[in-house]
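Notes follow the structure.
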Amino acid sequence: MISNVKLLKKESVAEGTMAFHFSKPEGFDFRAGQFAEFALIDPKETDEEGSSRAFSLVQSPDETQIIFATRMRDSAFKRVMKDMPIGSEIKLDGPYGDYTLHKTETTPAVFIIGGIGVTPVHSMIEQATHDKTNHQITLIHSSGTPAQLPLNTEFRKLAKENPKFSYVEVASDSAPDDWTGERGRVDAEMVKKHIPDLTSPIYYLSGPEGMVKAMRRLLIELKVNEDNIRTEEFPGY
């Protein structure tokens, strides 16, 4: 489905990360966790990376807007997006992808996520919370500092609303003295601390390529069945 969508709002959702809200086309349906292609219309500048990007949809399918969030690197596409006036239109093509929450509610879900790789996860957990499913969900969300954790305020709210959802914030580089989350890199001890039964869950990994590969190796070393690991790498981080 290709449609023009109108920019309704833009906001900061972490240090160096912005979310963009658009109108939702009539008849646009997607599954939580999917992504769409967003293309600029007659941009004032472009570069070798082109004028379109694929972004995961942040919101649950029940929401009335289309939202994506991204780290604001210095590319022509992101400069144009940052300066785009409210009311401007871009093209939406989608949805695509199968990085979605498993349907068997008795099987726990564990997300081990790096930074902005959390965007499709927000959609999935928001939808599970809205639908009051019985999935036991744990999100281990890592970034360099607490200020760089995208959407952490939203995840804290979801953890209060959903008694079956646990949110673990991880500052891998530095954090203030009053930080109550985890510190350091996600390692075997951290995973075992928050996931006492390692064999039951379906694991979801997303974020920078290196982080995804490292977490996959870690889970395999912990004797997790490879068939229970699902991954989504975020290129151009």
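The values are calculated or read from the model by the stated rules, or taken from the named source; none is laboratory data. What you see is a predicted model, and the numbers here were worked out from it, not measured in a lab. Virtual Cβ from ideal backbone geometry, glycine too; neighbours counted across all protein chains shown.
Assorted remarks:
- Here residue 190 does not fit the description of being within 16 Å of residue 118 (Cα to Cα), under 22 Å from the mean Cα position of the chain (by Cα) and not β-branched (Val, Ile, Thr).
- Output for region 109-135, where each listed residue is touching a strand residue (DSSP E or B) at 6+ places or on another chain (Cβ under 7 Å) and farther than 18 Å from residue 68 by Cβ: 109, 110, 111, 112, 128, 129, 135
- Every residue from region 36-54 that is in contact with a helix residue (DSSP H, G or I) (Cβ under 7 Å, 6 or more places away or on another chain) and closer than 20 Å to residue 6 by Cβ: 40, 43, 44, 51, 53
- Residue 171 being closer than 21 Å to residue 56 by Cα and more than 13 Å from the chain's Cα centre (by Cα): no
- For the residues 156, 183, the requirement of being surrounded by fewer than 21 Cβ atoms within 10 Å (Cβ to Cβ), within 19 Å of residue 12 (Cα to Cα) and of a type outside the set (A, V, I, L, M, F, W, C) singles out 156.
- If you go through region 136-151 and keep only what is surrounded by fewer than 24 Cβ atoms within 10 Å (Cβ to Cβ) and touching a strand residue (DSSP E or B) at 6+ places or on another chain (Cβ under 6 Å), you end up with 138, 140, 145, 146, 148, 151.
- Within region 137-179, the residues that satisfy the criterion of being in contact (Cβ under 8 Å) with a residue 40 or more places away in the chain and either aliphatic (A, V, I, L, M) or within 22 Å of residue 103 (Cβ to Cβ) (or both) are 138, 140, 147, 149, 151, 165.
- Among the residues of region 189-222, those that are surrounded by fewer than 16 Cβ atoms within 10 Å (Cβ to Cβ), more than 22 Å from residue 104 (Cα to Cα) and not small (Gly, Ala, Ser) comprise 189, 192, 193, 209, 213, 217, 220, 221, 222.
- Test result for residue 66, touching a Lys or Arg at 6+ places or on another chain (Cβ under 6 Å), modelled with pLDDT of 95 or more, closer than 27 Å to residue 155 by Cα and among the β-branched types (Val, Ile, Thr): yes
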